[in-house]
Each structure stands twice: as structure tokens, then as C-alpha cells.
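The values are calculated or read from the model by the stated rules, or taken from the named source; none is laboratory data. This one's a predicted model, so the numbers in the text were calculated from it and none came from an experiment. FYI the Cβ positions are ideal-geometry reconstructions off the backbone, even for glycines, and counts take in every protein chain you see.
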Amino acid sequence: MNFFEVQKAAQTCFMQANYPDAISLYEQCIAIDEVVISSYWYLGLSFLLQNQELEAETVWFSAIAQAQADQIDALTEDLSHVLKAEIARQVQADSLASAQKIIDKIVEFNPEDFETQWYLGNLFLAQREFLPAIEHFQKCLELKSDSPEAYFNLGYCFKELGDLDKAISAFKTVIELKPELAEAYLNLGYTLRDRGNLDSAIATLEQAIAIKPDFAEAYYSLGLVHRGLSKLDQAAASLEQAIAIRPSFIEAHYHLGFICRDKGDLDTAITHFEKAIEFQPELPELHCNLGLVLRERGHFGRAILSLEKAIALNPELPEAHCNLGFTFRDINDPSQSILSLRRAIELRPNFPEAHCVLGLSLRDQGALDKAIHYLQHAITLQPNLQEAVCGLREIISAQKAGYSLKLEQGYGVWDPWLLKDGDVYRLFYLTANRQVFPFWSVGEIGSAVSTDLETWQYLGTALEPNSEFPWQSGRMLAGSAYKEDGTYYLFYSAAPPRPDTLREGIGLAVSTDAIHWHRSSDQLIMPDSRFYISTWHPLIREGMHTPWRDPYVIQDPNTGKYYLFMSAAGRGDSKFNGCIGLAVADKIDGPYEVLPPAAYPVIDQLGEGIYYEMERPQVIYNHGLYYLFFSVGPTFINPKWIDKVGIDQITGSSLHCYVSEQITGPFQPIAPKPIVKGSDKTGLYGTNFIQGPDGEFFAYGCYFKSFTLEVSPRFPVRWQPDSIEILVS
């Protein structure tokens, strides 16, 4: 072989880390042409990288010693250049040990060389050994005090060590030395965010964007800071800009997905998690979070598939097993839920959420003693885990309220309504077997009585579906109770069995003892097509939905007439056509005349409705005004309205309030965002008010996550002429 063929073969062996053969071939190169100086450099490198330091030094020094005096500095510089280039290559190849050998040798030759200290610092930085990296970057600054690069890396090291003040100082120095470096503003913004200086972080990141308008990382970081300030609209806008610049920005899709979830826009959240998976399909956490949001959206089958995919990618991901347990519980499969949650706890024994949901699933199966054990353990692990605290309290309350037998039989209870009857309180509620899916499709009305709102006497079933009356042969729905002249009036709603279970109707039952009830075969009142319509339910495909339920009766203190308010759907083109229907009668038992809706909220200027449904209405006359309260889940609220007023205070337990000077309305929102203060934190759904033994109002309802009741005066109501607040301790 000629020289060039031998040299090429030597280079190939060297690049492949085949140093013995490289040594032999470079020696041949020198034998063929001893003038080519690079052969000496790489021969020495080959010796060095197989731990023959003396041989390496001998080769290099002999080559330099043979040179003319005026060539020595140039040759030394050339060797240094080759060594530094090889350091960079080894670091890029993640061969840090080899890079370290070369750096150590350079330091021996010239410990005061800036680039040598720079390479040493970066080598330790690549290994996340921040303290020695700091020493070398500080040495760099001793040799070159105006090096922005050294200050930049120094700032990064301090940030990673948690010394944020020193990191901030270093990044600010970088900006003084190199004010056009957008990356310096980015890292300063990161650090200010971690320091808690969020406003300064925003200003700094905006400077980075001003310098570099297509800086996707800066938009991304800005979005995270806005999210930390609960400025969800600004956060979303920043992350959307990051994605517009870099469509494959996985982290931006990930966080935008969670922001959309926080805003209640679950469909868009799903889209972003799916997009992140498209770019990185093998990341189990993405599948896990997609499953979480699919579950919250009610797409339980897809949620299970996503969570099982996450587990297939990482069988030891406890969050995926826990979320799978949540999902199986949602579809009333407590056995599978328990299996998944036990696996989550095996993987992470101190997983409070898994202990909590395992306790709730055991409660769903009726294993109350075991449920109490796991809920207590969840509280031990995380004392402020409200779902566990509430779950434990609910079991104890159920034992006091007399319906714990229903829980032991695997039933859920929801939608309570109370009647103050002299010195006693009468409780009515819906209950159904949770092994039936959906369990609400077979609901019946249970009842109990109490003198202190704490300990209850269970009275059994008040009303159940009646096969003799087709319109109420499938399920019972919520209502209200009234007593007049010794007679009890139970206004209720009901529906046929599937597939007509969404065709709702309103009935009336009467009793002289509030235990034995007589009901008519006919509906008390029918929707008037001039005002009310049937519609398609956005989540449940069971035919047309005729909303006509949750009747609430009140006698107007000003006219003496009886007004019946109910959950209905008003005429209109928007799918968000939820309204509060209204009827009036001269006598408590009718006949009732159907009136136009008492409340049909729309978005100003758009003309679209705000709500798909307005459930569990209650009207109370107080302070000279009529107050209308109702509940609605975020999924059933027009996203355009949420975008307008903001997502804060809008949760599954938010109680909405409208007010009017007339009982017939029109009822107007009590505020631009008409949420009763504190209601978003109770965990209750279908919240109603009633006066306790002390004459003060308190809030009660159903814990919607567990389908148990809160009917004790746990949540006092502070009701002033200009404000209403539910006090949550």
C-alpha cells in the first residue's frame, strides 16, 4: 500500500477505537514519510487512549524536538488543536472517559490554557458533575474575565445545584457582555421562574422573544410561567406560538394539553396529547396522560386502551395502573379497579391517591371495613387528600344516616333533598346498584328522618320505578318535597327504561306520614312545545333527550301561588339550550300551567346558550329578591363562555346563582361569573340550601366523585344582601 492508503486505514482504525492496529498503521505512515506531522499526533493519541501515556509523550516530544526552533510553537499549537478536536469528538460520541484522558494530558502541558479549562468544565458538565465543572469555568474566568460562554455555563451549573441567586447573577453578567444572546435571557427567565420571581421571568422571556422572534423555547417557557400564575389564556397562547414555530415540540403539546384540561376543553387537550404521541409514540407517560383526559371526557374504552398501552411500554409505571383503576371504577367494575390499584400500590407503597381510590372501590363493593382501612392510610400519607378525607367521612355519615346498608350492598346514593318538618328533617335521595351500567338508569328514591341532621333513621324506599306506569317504569330522578295542611307532597321526575331512558317526565306523590306514598299514573305536567324541546345528548346516545326533571316547588310569599321550576331545554339553534322551565298553579297539587323559561342564559352578542343543562334548580326568596341556584358540570358549559369569563371557580361542584325581582323572572346572573363563592371547593354536586336548627342556612348535596351524601351542617352559608358564600373549612 502507498502512504495515502495506509493513512486512510490508520484513520479508520482510530475512529473505530481499534488503537493497536491504528498504532501499527501510523508507525507504517511514519516509516513511509516521516515528514507528515499528523501521523505523530495520532500515533501518540492512539498510545494515550490505550493507557500508554509514556509512549504517547515520547512520540509527541520526539516530533517537536526534531523541528527547527522557529517551528516549535507552531507545532505545539497544531498538536493542541488536534487534541482539542479529538476531545470534542469523544464528548459528542459520549466517550467521556477517553475525553478525560486527553484533557488531563493537555493540562499537564499547559494548565493555564483557557480552552483546556473550558473543555474540562464541559466534560464535567456533560457528566452532571457540577461542582468540578464550576471550578474549571471559574478558572476560565480567571484567564479570560469577559467570557460570556464561561459565565453562561457557570450560571447553568449554579441553577442545577439550586443556587439560584448565583445563577441569576451569572446570567445577568452574560447579558451585560453579550446583550444580543437570546439564550441568556431564556435561562435567566428559567431561573427567575424557579426563584418565584414570575413577573420578572415574564419580562425576561419577552426580551428573549424580542431578540429572537422564532425562539420556540422562549415561548414555551413563557407559557409555563403564565400557567404558574393561573393565566391560562396567556399560557395557551404562548404554547400555541411555540408549536407554530416547531410543530414537533412535544413538551409544548404536553403542557398545552394540561392547560386545555384545566380550562375544561377536554377535546382539545386530547388532540394535543395525541399529537405529542405522534412525535414520540414510545413515551409511556404520554399515553398515561392521554388516558387520564380520555377518562375525564367519558371516553372510558379509549382511556383503558391508552392506559394499557402505557403499561405495555412501562409495566412499572404506577400512575398508569392507578389511572386504570380510576377508569375501571368509573365504569362500575370495582373488581378490575381493585386489581389495578393494588398493582399501583405494589409499585409505589406510599401512593396516597392509589390507597384512596382503592378504599373507594372497596366501598363500592360494600367492603366498608377494608375501605376505611385504605382511606385512613391514604390520609396518613397525605393528610390534605380531600377525596380520602371526604370518603372516610361519607362512610361514617352513611352509617349515621342509615343508608350504609345500601353501600354494603354496592349501591351509590346521590341527589339529596331535604324537607324541614317541624322539629325533624326528612331526607330523600336517589340510590341505585352500581353494578348496573349506567347505574343512574335504574335509580329509586330512598328516605330517612333525623332530629339533629347527624343521626338518621332509615325509612326505606319511598318510590321506585313502577312497571304499571310506562313513563316512570325505568328510573326515578330527583325532585323536592313540600308539606301543607298535614299532607306531604313529593314532586319527582322519572323516565322509562332503555332505550327511552332520556325521555323524562314529572310526577307527584302524596302521603299523610311521609312513608307510604300514593302517586298518579299520569304525569303532573308536560313540556309545552312552544317553549321547550327535545334534543340530542352530547355524551349519551340513547335516542332523543327530553330534559324535564328535578322539579322544585315554592309558594310565592307575595302572591300565594305555587311555582314549579325544573331542568329543561329551551327552543333555539344552539346545542347549549339548557334552561330552567317554569309552571304555576293556584293549589299545590295543580293543575299547573306551563310558562316560558324562568332563565335561559345566553352569551352576549353571540346569542348562543351558555349551558347544555341546568340541574337541581332551587329558588329561595331572601332579602327581597328571588335567588335561583342550579348545578352544571364543566363538560356541559359552552367553551366560548368559559373562554370569556375564565376557568377559575368553574369546577364539578360550582353552584351557579341567578337573581330576579319577580318569581317568574327573567333571572339574571348575580355576577359576570355567577358562581357562589366557596361552592367550587365543597366537592358537592346538586347543592341546595336549607335552614338548620339555628335558623341559619347551610349547603348540602352529593359528593359527585363518590356518590355519597353530605346532609349535615358542615358547610354554613353566609348570605348577605350583596353576597353569598359557602364557608369551607
Point to revise | Complete set of residues in region 439-458 that are in a strand (DSSP E or B), at pLDDT below 90 and surrounded by fewer than 21 Cβ atoms within 10 Å (Cβ to Cβ) | key: Q457, Y458
Practice item. Can you confirm whether region 557-569 contains a residue that is buried (at least 24 other Cβ atoms within 10 Å of the Cβ) and of a type in the set (S, T, N, Q)? Key: yes
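From the residues in region 49-79 that are over 23 Å from P20 (Cα atoms), in a helix (DSSP H, G or I) and polar (S, T, N, Q), which one is farthest from the chain's Cα centre (by Cα)? Walk me through how you get there before you give the answer.
Residues of region 49-79 over 23 Å from P20 (Cα atoms): 64-78.
Next cut, in a helix (DSSP H, G or I) only: 64-65, 69-78.
From what is left, the residues that are polar (S, T, N, Q) are 71, 76.
Values: Q71: 68, T76: 60 Å.
This residue is Q71.
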Check your understanding: How about region 521-556: which of its residues are in a strand (DSSP E or B), among the basic types (K, R) and either in contact with a Gly (Cβ under 6 Å, 6 or more places away or on another chain) or surrounded by fewer than 16 Cβ atoms within 10 Å (Cβ to Cβ) (or both)?
Key -> none
Revision key, fill the gap. Scanning region 403-438 residue by residue, those at pLDDT 85 or above, within 31 Å of the chain's Cα centre (by Cα) and more than 18 Å from L684 (Cβ to Cβ) turn out to be A432
Review point. Quick one: is L222 closer than 16 Å to N187 by Cα and either of a type outside the set (S, T, Y) or in contact with a helix residue (DSSP H, G or I) (Cβ under 6 Å, 6 or more places away or on another chain) (or both)?
Key: yes
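For region 669-707, which positions are within 24 Å of D330 (Cα to Cα), in a loop (DSSP other than H, G, I, E, B) and not basic (K, R)? Walk me through how you get there before you give the answer.
If we filter region 669-707 for residues that are within 24 Å of D330 (Cα to Cα), which is where we start, we get 679-687, 700-707.
Retained after the next criterion (residues that are in a loop (DSSP other than H, G, I, E, B)): 682-683, 704-707.
Result: T682, G683, F704, S706, F707.
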Exercise for review: Could you identify the single residue in E27, E34 that is more than 29 Å from W118 (Cα to Cα), at pLDDT 80 or above, acidic (D, E) and touching a Leu at 6+ places or on another chain (Cβ under 7 Å)?
Suggested key: E27
Review point. Across region 676-697, what is the number of residues that are surrounded by 22 or more Cβ atoms within 10 Å (Cβ to Cβ) and without any contact (Cβ under 8 Å) to a residue 40 or more places away in the chain?
Key: 1
Point to revise | Conditions (1) without any contact (Cβ under 8 Å) to a residue 60 or more places away in the chain; (2) within 30 Å of G460 (Cα to Cα); (3) small (G, A, S); (4) part of a loop (DSSP other than H, G, I, E, B); number of the one not met by A514 | key: (1)
Check your understanding: So which pairs qualify, if the first residue must be in region 638-652 and on the phi > 0 side of the Ramachandran plot, the second must be acidic (D, E) and not in a loop (DSSP other than H, G, I, E, B), the Cβ gap must be under 6 Å, and the two must be at least 6 apart or on different chains?
Key -> Q649/D680
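Criterion first (in a helix (DSSP H, G or I), at pLDDT 95 or above and of a type in the set (D, E)) does E316 satisfy it?
Values: in a helix (DSSP H, G or I): no; at pLDDT 95 or above: yes; of a type in the set (D, E): yes.
When the stated conditions are applied, E316 does not pass them.
Here are some residues: K406, K370. Which one is within 19 Å of E454 (Cα to Cα) and out of contact with any Phe, Trp or Tyr (no Cβ under 6 Å at 6 or more places or on another chain)?
On the way: K370 fails: within 19 Å of E454 (Cα to Cα).
Of K406, K370, the one residue that is within 19 Å of E454 (Cα to Cα) and out of contact with any Phe, Trp or Tyr (no Cβ under 6 Å at 6 or more places or on another chain) is K406.
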Practice item. Return the residue satisfying two criteria in turn: it lies in region 81-99 and is within 17 Å of Q50 (Cα to Cα) and polar (S, T, N, Q), and of such residues it is surrounded by the fewest Cβ atoms within 10 Å (Cβ to Cβ). Key: S95
Practice item. Output yes when any residue across region 636-644 is surrounded by 24 or more Cβ atoms within 10 Å (Cβ to Cβ) and hydrophobic (A, V, I, L, M, F, W, C), and no when none is. Key: no
**Study point:** Any pair with Cβ under 8 angstrom, 6 or more apart, that starts in region 317-338 at a residue that is in contact (Cβ under 8 Å) with a residue 12 or more places away in the chain and under 16 Å from G298 (Cα atoms) and ends at one that is surrounded by 20 or more Cβ atoms within 10 Å (Cβ to Cβ) and of a type in the set (K, R)
**Key:** N323/R295; F326/R295; T327/R295; D330/R295; N332/R434
Revision key, fill the gap. Going through region 207-246 in order, the residues found to be more than 14 Å from R193 (Cβ to Cβ) and among the charged types (D, E, K, R) are K212, D214, D233, E240, R246
Check your understanding: Assuming T635 fulfils every condition listed in (1) out of contact with any Pro (no Cβ under 7 Å at 6 or more places or on another chain); (2) within 25 Å of H537 (Cβ to Cβ); (3) assigned to a loop (DSSP other than H, G, I, E, B); (4) not hydrophobic (A, V, I, L, M, F, W, C) apart from one, which condition is it?
Key -> (3)
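So which residues in region 351-386 are in contact (Cβ under 8 Å) with a residue 60 or more places away in the chain and within 24 Å of F428 (Cα to Cα)? So that I can check it myself, show each step before the final result.
Looking only at region 351-386, we keep the residues that are in contact (Cβ under 8 Å) with a residue 60 or more places away in the chain, and these are 360, 363-364, 386.
Of everything in region 351-386, those that are in contact (Cβ under 8 Å) with a residue 60 or more places away in the chain and within 24 Å of F428 (Cα to Cα) turn out to be L360, R363, D364.
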Check your understanding: Of these, D485, D500, which one is at positive phi and either free of Cβ contacts under 8 Å to residues at least 24 places away in the same chain or within 39 Å of the chain's Cα centre (by Cα) (or both)?
Key -> D485
Practice item. Have a look at L25, L48 and point out the one that is closer than 18 Å to A99 by Cα and out of contact with any strand residue (DSSP E or B) (no Cβ under 9 Å at 6 or more places or on another chain). Key: L48
Review point. Considering S653, S712, which residue is in contact with a Leu (Cβ under 6 Å, 6 or more places away or on another chain) and assigned to a loop (DSSP other than H, G, I, E, B)?
Key: S653
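Here is a list: E129, E149, E160, E142. Which entry is within 19 Å of D194 (Cβ to Cβ) and not aromatic (F, W, Y)? Outline the logic, then answer.
Numbers: E129 fails: within 19 Å of D194 (Cβ to Cβ); E149 fails: within 19 Å of D194 (Cβ to Cβ); E142 fails: within 19 Å of D194 (Cβ to Cβ).
Of the residues listed, the single one that is within 19 Å of D194 (Cβ to Cβ) and not aromatic (F, W, Y) is E160.
Please count how many residues of region 128-166 are assigned to a helix (DSSP H, G or I), within 35 Å of the chain's Cα centre (by Cα) and within 24 Å of L96 (Cβ to Cβ).
Keep residues of region 128-166 that are assigned to a helix (DSSP H, G or I), which gives 130-143, 148-161, 164-166.
From the residues that got through so far, the ones that are within 35 Å of the chain's Cα centre (by Cα) too are 130, 152-153, 155-161, 164-166.
Narrowing the set further to residues that are within 24 Å of L96 (Cβ to Cβ) leaves 130, 152-153, 155-161.
Selection size over region 128-166: 10.
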Check your understanding: If we scan region 467-487, do we find a residue that is in contact with a helix residue (DSSP H, G or I) (Cβ under 6 Å, 6 or more places away or on another chain) and part of a loop (DSSP other than H, G, I, E, B)?
Key -> no
Review point. If you go through region 497-518 one residue at a time, how many are modelled with pLDDT of 95 or more and surrounded by 14 or more Cβ atoms within 10 Å (Cβ to Cβ)?
Key: 10
